[in-house]
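Here the structure comes first, spelled out in structure tokens, and everything after it is commentary.
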Amino acid sequence: MSEAPEPILPLSLLAKNRDKFMALFYEPTSTALQTKTNLHLHILRVKNGDFDLPGLYRELKGNSAAYVLSRLNYQKVLDDPSLMMEVASKVQSQFRKPEKTSGEGGEVILYSLLEGHLGAPKVLSKMELKTSSDHYVHGSDGVHLLRVDDGSYQLIFGESKMYGDAGTLGSSVKRGIKAAFGSIGKVHQEGFDFDTWLVDSELLKEQLDPEKLEALSAIILPSDGGSGIKKHNAFGIFVGYEVDVSDIKSENMELNDIETELKKRAVKAIAAEHDLIRTEIANRGLGVYPFHIYAIPFAKRGNGKNAPGIEKVRMELAAQLGNREVPKK
């Protein structure tokens, strides 16, 4: 039996990294909200009454090199481990220091989900395109390519949002969804001017040999002739949201009961916004696009502006990815 042909773009994450990242979560719950809109809820496993944030930080740090580096440079590190420390320092320097507007942690989460769950390999990441921002579509958080079947592909543009409740209990999910679709709506209105540059990009030329680059060009820019290849633009969205658990009296509950309660609240919070997602798609005229939406809940405890929740997660994640200290208040 002949072997299957090597894909034009293999997944950039190593299999072990993908497996370790996906193992952080319970079995995801996937909901078809519309024909082309799928929502995937990934809930971090609960350890000692809380979502496993240390595990998440650890695996995202492990995934960050493949996210930041081109395939060529990442392969150089794999081939020559002596470069590991030098490259690790360069990767960490690409991430912004921890601050309230730090959003790159969400970008790495989305990248890890699109590769680890959807199986859509990275074409280019936001980090790789920082020096080419004039050509980059509206600051999208990454570009992935999904093979639907032999003659059909989706070019997926990423958008990640991690918002807290902002003083209104339960507003976190709404804020993230509205912000994500607001950004996507702008892309739709202003049009995609990215495809031709993407194929001509020096970044892709350094990663792919001429034969594979030509094959990728045939996918991204299918000719009007008889190639039979169809390419559609699509969107990948990550929404990180808060689940308020400040009323849970952990000292009076068994660990299994705490786990069950956290999962129940996480499911309820995102399920309440199914109609909002449908409305955003309809009102913004986005029904022609496939959507791959990912949601991850984070626990919020206490009240007031300083209550530890998703903002704390954003800061800690930025610190971990950049090997920096979280600033003291």
Positions within the range 87-129 being under 15 Å from the mean Cα position of the chain (by Cα) and among the small types (Gly, Ala, Ser), in sequence order: Ser102, Gly103, Gly105, Gly106, Ser112, Gly116, Gly119, Ala120, Ser125
Any hit, the range 245-257, residues being of a type outside the set (S, T, N, Q), more than 21 Å from Leu56 (Cβ to Cβ) and crowded, with 16+ Cβ neighbours inside 10 Å: no
Criterion (more than 12 Å from Asp165 (Cβ to Cβ), modelled with pLDDT under 95 and either within 21 Å of the chain's Cα centre (by Cα) or not in a loop (DSSP other than H, G, I, E, B) (or both)) met by exactly one of Leu286, Leu321: Leu321
Criterion (of a type outside the set (A, V, I, L, M, F, W, C) and buried (at least 20 other Cβ atoms within 10 Å of the Cβ)) met by exactly one of Tyr74, Tyr26, Tyr57: Tyr74
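To keep it simple, each residue is scored yes or no on (1) within 29 Å of Leu198 (Cβ to Cβ); (2) modelled with pLDDT under 95.
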residue	(1), (2)
Ala32	no, no
Val46	no, no
Gly55	no, no
Gln94	yes, yes
Gly103	yes, yes
Leu110	yes, no
Leu113	yes, no
Val123	yes, yes
Glu128	yes, yes
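Per-residue answers, yes or no, for (1) closer than 21 Å to Pro7 by Cα; (2) among the polar types (S, T, N, Q); (3) assigned to a helix (DSSP H, G or I):
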| site | (1), (2), (3) |
| --- | --- |
| Val148 | yes, no, no |
| Gly158 | no, no, no |
| Gly170 | no, no, no |
| Ala179 | no, no, yes |
| Gly182 | no, no, yes |
Condition check for Asp79: more than 30 Å from Glu251 (Cα to Cα) and surrounded by fewer than 20 Cβ atoms within 10 Å (Cβ to Cβ): yes
Residues located in the range 229-272, provided they are β-branched (Val, Ile, Thr) and in contact (Cβ under 8 Å) with a residue 12 or more places away in the chain: Ile229, Ile237, Val239, Val243, Val245, Ile248, Ile258, Val267, Ile270
Answer from Ile293, Ile277, Ile281 - the residue that is modelled with pLDDT of 95 or more, over 30 Å from Ser64 (Cβ atoms) and in contact with a Phe, Trp or Tyr (Cβ under 9 Å, 6 or more places away or on another chain): Ile281
Top-ranked residue of the range 47-104 - restricted to ones that are without any contact (Cβ under 8 Å) to a residue 60 or more places away in the chain and β-branched (Val, Ile, Thr), ranked as nearest to Glu259 (Cα to Cα): Thr101
Odd one out for Leu83, checked against (1) farther than 19 Å from Arg324 by Cα; (2) assigned to a helix (DSSP H, G or I); (3) modelled with pLDDT of 95 or more; (4) not polar (S, T, N, Q): (3)
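The values are calculated or read from the model by the stated rules, or taken from the named source; none is laboratory data. Since the model is a prediction, treat every value here as computed from it, not as a measurement. Neighbour counts run over all protein chains shown; Cβ positions are idealised from the backbone, glycine included.
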